[in-house]
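S.K.: Handing you a structure now.
The values are calculated or read from the model by the stated rules, or taken from the named source; none is laboratory data. None of these values were measured; they are calculated from a predicted model. So basically every Cβ, Gly included, is an ideal-geometry build from the backbone, and we count neighbours across all protein chains shown.
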Amino acid sequence: MEEIKFYKGENIPLELHKVRVVQKLNLVPIERRLKALEEGGYNTFRLTTNDVFLDMLTDSGTNAMSDNQLAAMMQADDAYAGSQSFIRLQKAVEDVLGKKYFLPVHQGRAAENILSNAYIRKGSLIPMNYHFTTTMAHITQYGGKIAELLYDEGYVIDSDHPFKGNMNIEKLEDTIKTHGAKNIPFIRMEASTNLIGGQPFSIKNLRDVRAIADKYNIRVVLDASLLGENAYLVHLREDEFKESSLGDIIKTMTDLADIVYFSARKLSSSRGGGICTNDRDIYQELEALIPLFEGFLTYGGISVREIESMAVGLYETLDETMIRQSPDFIAYLVNSLDAYGISTVKPAGVLGAHVNAMEICDHIPQKEYPAGALAAALYLISGVRGMERGTLSNQRDEYGNETLADMELVRLAVPRRVFTLSQIKYVADRMAWLYDNRKLIGGLRFVYEPPVLRFFMGGLEPVSDWPQKLIAKFKEDFGESL
Ligand SMILES: *Cc1c(COP(=O)(O)O)cnc(C)c1O
């Protein structure tokens, strides 16, 4: 795919789609935004969309659907068993992911529940490039532990390493030797490693993982929620695949895994999720769990309409103009922030720009959640809702102590084909203002801390009157402007 060059001025990522349905947005006054934060316990998950201007919380279930997806939803075949919609989805999974057995589940974490239920026992260890919140919660829930074996480079915020999501192969082999292959039901690789800034792995690395897995007779599980974007970055950054189509790259990756699972809220821009494999034994092991936790095998807790949109969305994953839109906008945002001196995860990854709160809020101790505070402050001064990805998103250890995160990030998600470039420019502008006034931001503390996945519904409060000080400075600079 060629980049479109501009005759004069900057090269900007040009939208190769047009807007046909719109939704009105609200930019409520800063006083209302303060109230909304107070009502929502300074937790951006608890804001309601009426108070949010640009919703950059997540790319999960928020990607814009295509006309063809919406059209397919109208032809859904509503049947408890044997629905034609399911047969179309099965075919899409086989065509795009190259796996003939498919089990539908209601979203990505449901796939994790099924896999954990089937394979994790007390004492199990799951080596992985990096964890995802829901993955870790399910593995630990069933008595297992995780071993994160990311490349050292993956922890370096500002880097030019093209594949920061790679697994460290020496550490993988050491881990298997020390822990014993029999306690390792599978090795998990996550495409476009979410929590370290949407960073891809290379196919060379996945091949190396496969070789170790074969040597010790361990299965490879691929979390394919962000597979399309990982494939796009392989195409851009891995020489062997410069001329390959996205379809070929995707199949090369899925061929290297015994089990592929995904959140369709990301992959395919729809809803739902699935698990697929070419191994009949694996399929039969997992099959029995679907009616128990999800629904009958031809709907898995997903509506038939969503099944239709998932099938079409899977095929659209092969369209480079679709899959590159979000990473290209993210690169634009990251470059704008970088030009202003604002530290972000680099190189620009997928799913969102990841702002480095550890540096921007280096005056806030990690126990006061600098990334949570920065996310709250950004919402307050702009109406932009990002997500904390740092200590607040971690779970406490078995003794109840905080586990300080490796990185304190605020993720500004850029769902596919949702925002315009002027909106992205607004985000960069308000981040610049906040950066210049960063010392006014203070920490947060819990007033209500749920025991599991606390970041979703937890309630916090500021440790001082810093929000009022930030508002005063905002008014000084912007007057009565929103
Ligand atoms: C979102 C996500 C999940 C969980 O999927 P849900 O549909 O939100 O349950 C799992 N793994 C990765 C890498 C994800 O990005």
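S.K.: Pick out the one residue from 374, 404, 392 that is over 27 Å from residue 477 (Cα atoms) and part of a helix (DSSP H, G or I).
M.R.: 392
S.K.: Which ranges mark the helices (runs of 4 or more DSSP H) fully within region 408-482 that have 2 or more residues being within 21 Å of the chain's Cα centre (by Cα)?
M.R.: In region 408-482, the matching helices (runs of 4 or more DSSP H) lie at 421-436, 454-457.
S.K.: Are there any pairs with C-beta distances below 6 angstrom linking a residue in region 96-111 that is under 18 Å from residue 82 (Cβ atoms) and assigned by TED's automatic domain parsing to the domain that holds residue 277 to a residue that is assigned to a loop (DSSP other than H, G, I, E, B) and away from the ligand (no atom under 16 Å from the Cβ), with the two at least 6 apart or on different chains, and if so which?
M.R.: Listed by first residue and then by second, the contacts come to 100/278.
S.K.: Only residues that are within 16 Å of the ligand (Cβ to nearest atom) and touching a residue at least 60 places away in the same chain (Cβ under 8 Å): list them for region 265-288, please.
M.R.: 265, 266, 269, 270, 271, 272, 273, 274, 275, 276
S.K.: Here's another thing I want to ask about it. Yes or no: region 146-160 includes at least one residue that is within 16 Å of the ligand (Cβ to nearest atom), within 23 Å of the chain's Cα centre (by Cα) and touching a residue at least 60 places away in the same chain (Cβ under 8 Å).
M.R.: Within region 146-160 (the criterion being within 16 Å of the ligand (Cβ to nearest atom), within 23 Å of the chain's Cα centre (by Cα) and touching a residue at least 60 places away in the same chain (Cβ under 8 Å)), the answer is no, since none of the residues qualifies.
S.K.: Can you work out which of the residues in region 290-311 that are more than 16 Å from the ligand (Cβ to nearest atom) and assigned to a helix (DSSP H, G or I) is farthest from residue 74 (Cα to Cα)?
M.R.: So the residue we want is 292.
S.K.: Also, I was wondering about something else. May I ask you to verify whether residue 181 is within 25 Å of residue 452 (Cα to Cα) and not assigned by TED's automatic domain parsing to the domain that holds residue 397?
M.R.: No, not satisfied.
S.K.: Something else now. Which of the residues belonging to region 34-66 are assigned to a helix (DSSP H, G or I) and either aliphatic (A, V, I, L, M) or not assigned by TED's automatic domain parsing to the domain that holds residue 464 (or both)?
M.R.: Listed by number, the residues that qualify are 34, 36, 37.
S.K.: Do you know which residues across region 197-233 are within 16 Å of the ligand (Cβ to nearest atom) and part of a loop (DSSP other than H, G, I, E, B)?
M.R.: 197, 198, 200, 201, 224, 225, 226
S.K.: Got a sec? Which of 373, 311 is farther than 20 Å from residue 43 by Cα, buried (at least 24 other Cβ atoms within 10 Å of the Cβ) and either among the small types (Gly, Ala, Ser) or assigned by TED's automatic domain parsing to the domain that holds residue 137 (or both)?
M.R.: Going through 373, 311 in turn, the sole match is 311.
S.K.: Which residues, taken from region 234-264, are touching a residue at least 24 places away in the same chain (Cβ under 8 Å), outside any helix (DSSP H, G or I) and away from the ligand (no atom under 16 Å from the Cβ)?
M.R.: If the condition is that a residue be touching a residue at least 24 places away in the same chain (Cβ under 8 Å), outside any helix (DSSP H, G or I) and away from the ligand (no atom under 16 Å from the Cβ), then 238, 245, 256, 258 are the ones that fit.
S.K.: Report the residue count in region 164-196 for those that are within 16 Å of the ligand (Cβ to nearest atom) and either touching a Pro at 6+ places or on another chain (Cβ under 8 Å) or not polar (S, T, N, Q) (or both).
M.R.: Of the residues in region 164-196, 13 are within 16 Å of the ligand (Cβ to nearest atom) and either touching a Pro at 6+ places or on another chain (Cβ under 8 Å) or not polar (S, T, N, Q) (or both).
S.K.: Within region 97-126, count every residue that is more than 16 Å from the ligand (Cβ to nearest atom) and not charged (D, E, K, R).
M.R.: Counting residues in region 97-126 that are more than 16 Å from the ligand (Cβ to nearest atom) and not charged (D, E, K, R) gives 8.
S.K.: Just one of (1) within 16 Å of the ligand (Cβ to nearest atom); (2) surrounded by fewer than 20 Cβ atoms within 10 Å (Cβ to Cβ) trips up residue 39, so point out which.
M.R.: Unmet condition: (1).
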